[in-house]
Protein chains: 2
Amino acid sequence: MSGPLQIGLLVFPRVTQLDLTGPAQVFSSLPDVNVHLVWKRIEPVPSDSVIMLTPTVTFADCPQLDVICVPGGYGTDELMLDEEVLAFLRRQERGATYVTSVCTGSLVLGAAGLLQGYRAATHWTAVDALPFFGASVSRERVCIDRNRMTGGGITAGIDFALTLVSMLRGRAAAEMIQLRMEYNPAPPFEAGSPDTAPAAIVAAMKERVAPAQARRLEFVRKAVGQQG
Amino acid sequence: MSGPLQIGLLVFPRVTQLDLTGPAQVFSSLPDVNVHLVWKRIEPVPSDSVIMLTPTVTFADCPQLDVICVPGGYGTDELMLDEEVLAFLRRQERGATYVTSVCTGSLVLGAAGLLQGYRAATHWTAVDALPFFGASVSRERVCIDRNRMTGGGITAGIDFALTLVSMLRGRAAAEMIQLRMEYNPAPPFEAGSPDTAPAAIVAAMKERVAPAQARRLEFVRKAVGQQG
C-alpha cells in the first residue's frame, strides 16, 4: 500500500456512538492513517446518546477507502432501506481491502448484499437477522471471513479494531496501541454475554429489547424485498 | 436522590475522546439520567483524534452535578493551569456525590486541590505526577477512596463507569448495561499493561511518550506553584 491508510467509519443518525468512537480511537493511534467520518452531508449527526458526531467527508467526496466500517445502533433499521447508503457501501467494497462492521452494522452490509455467503457477527440480540441476508451466524467476538471482518455488540469494536490493525500493520503496531490505551479490561461483573450474565438479567434485557427486535425484523424483511 | 441523576463529563481541547465516550455510553444507558458535556462555551471542541465533541452546557449554566467526571488526554496539561476550569471543579465538588476522573483527568482534579490525601489512579505513564498533588498512587484499574473514584488509562473508563453505576443504582442496573454493551472483552493480545506487554513494546512506548511525560511534569510543577 502506498500513501496513508484510508479508513472510513460510517456516521448516521442514532448510531451507537461507542461502536464508532472505540474503533476511531484505535485507528487514530496509528501513524500514517487518515480516519474519515463519512455521511451524506457534512453536518452534525445525533448519535444514540449525548454525543453529536460531525462527519468529515461526504459520500460524494470520500476517497476510495482501504477499510470501510459500519457501526451499529438503532439507526441501522433505516439504513437497511436507504439506497444512497447501500450504493455507497457497494461502490467502496469494490476497492476496499477490508469491508467491516461493529454490532448491528453487519445488517447494513447484509442489506447491501455484501454478506451473501459469508460468516458474520452482530449484536447478540440481532443474530436472527443475519440469515435473511444470506450470511451465516458467527458467535465469535470478531469474525473474519476472507476480507469481511465483523464485530459483535458495541464494546467488541475495540477488539475488532485492534485485530484489524494487527492484520494491516502487524502485531507490534496493535500491541503498542493496546498498551497506550491501557486495554487490560476488568469488567466489574460477569454480565457481558447472555451466556454468562445472571438469568434474571438476561430475561429482563430480552423483554426490554423485544419491541426493537420486532421493529428490526420488519426492516430486514423490507430490505430483502428491495433486493428483489 | 430525587429527580434524574445529573452526570457531567468535562469536554476540553485534545481530550482523549474514548476517555469520555466510553463512560458516556454507559451513563446514557441508565434510565432517569441527564448526561451533560460541560465546557466554557457551547462550541465544538476538537478531541485528540477525528472526533469533534459538542458541549451541551457551559460552566455558567451547568446545574449542580451528582457526578463530575474529568477525562484525560494531552489537553490536561493546559487544564492544570486553567483557573476557570479548576474553579468550576471546586464549586461542583462541594455538592457532588462523586468526584471522578478517567486516565490523566485525575491530574486536573489534583491541580484543583481535590485529591489531597486521597489515593488515585491515572494512566500508567502519569503515575509519577500524582504525588505532587498530595495524592498517593493506586495501580488499581478503578480506585475508590471515599467519594473520589478515579480510573486508569483510556479504556479503564468503561470499567470505571460500570462500577459507578453499580454504586449509584445497584448491581443489576450495571449488569443490564454490561449485557447490552456486550462487554465481555477479549483483547487479541496481552499488551494492555506495562506488566503484561512484551518488553520491547513497553520500551518502545516509553521512548515514544518520554517528551509528553517531560512536558506534563513541567505543567504539574507550575500547577503546584499556582496552588502556593
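Computed from the coordinates by the stated procedures, all read-outs in this text should not be read as laboratory data. Note that this is a predicted model, so its numbers are computed, not measured. Cβ atoms come from the backbone with ideal geometry, glycine included; neighbour counts cover every protein chain shown.
If the requirement is being in a helix (DSSP H, G or I), within 10 Å of chain B (Cβ to nearest Cβ) and either out of contact with any Gly (no Cβ under 8 Å at 6 or more places or on another chain) or within 30 Å of B:Glu140 (Cα to Cα) (or both), which of these qualifies: A:Val202, A:Val127?
On the way: A:Val127 fails: within 10 Å of chain B (Cβ to nearest Cβ).
Of A:Val202, A:Val127, the one residue that is in a helix (DSSP H, G or I), within 10 Å of chain B (Cβ to nearest Cβ) and either out of contact with any Gly (no Cβ under 8 Å at 6 or more places or on another chain) or within 30 Å of B:Glu140 (Cα to Cα) (or both) is A:Val202.
When residues in the stretch B:84-124 are screened for being of a type in the set (Val, Ile, Thr), outside any strand (DSSP E or B) and closer than 19 Å to B:Tyr74 by Cα, 5 of them pass. Within the option set B:Ser28, B:Ser49, B:Ser101, being at the interface with chain A (Cβ under 9 Å from one of its Cβ atoms) and within 30 Å of A:Met205 (Cα to Cα) holds for one residue only, B:Ser28. Of the residues making up the stretch A:177-193, those that are buried (at least 18 other Cβ atoms within 10 Å of the Cβ) and either over 15 Å from B:Val202 (Cβ atoms) or in contact (Cβ under 8 Å) with a residue 40 or more places away in the chain (or both) are A:Ile177, A:Arg180, A:Met181, A:Pro185, A:Pro187, A:Pro188, A:Phe189, A:Ala191, A:Gly192, A:Ser193.
When the stretch A:26-55 is limited to residues that are under 17 Å from the mean Cα position of the chain (by Cα) and in contact (Cβ under 8 Å) with a residue 60 or more places away in the chain, the one that is farthest from B:Gly8 (Cα to Cα) turns out to be A:Phe27.
The residue of the stretch A:137-160 that is surrounded by the fewest Cβ atoms within 10 Å (Cβ to Cβ), among those that are more than 10 Å from chain B (Cβ to nearest Cβ) and touching a Phe, Trp or Tyr at 6+ places or on another chain (Cβ under 6 Å), is A:Asn147. In the stretch A:52-81, the qualifying residues are those that are of a type in the set (Val, Ile, Thr) and either within 14 Å of another protein chain (Cβ to nearest Cβ) or part of a loop (DSSP other than H, G, I, E, B) (or both), and the one that is farthest from A:Arg94 (Cα to Cα) is A:Thr54. Of the set (1) in contact (Cβ under 8 Å) with a residue 24 or more places away in the chain; (2) within 19 Å of A:Gly228 (Cβ to Cβ), all apply to A:Thr122 but (2).
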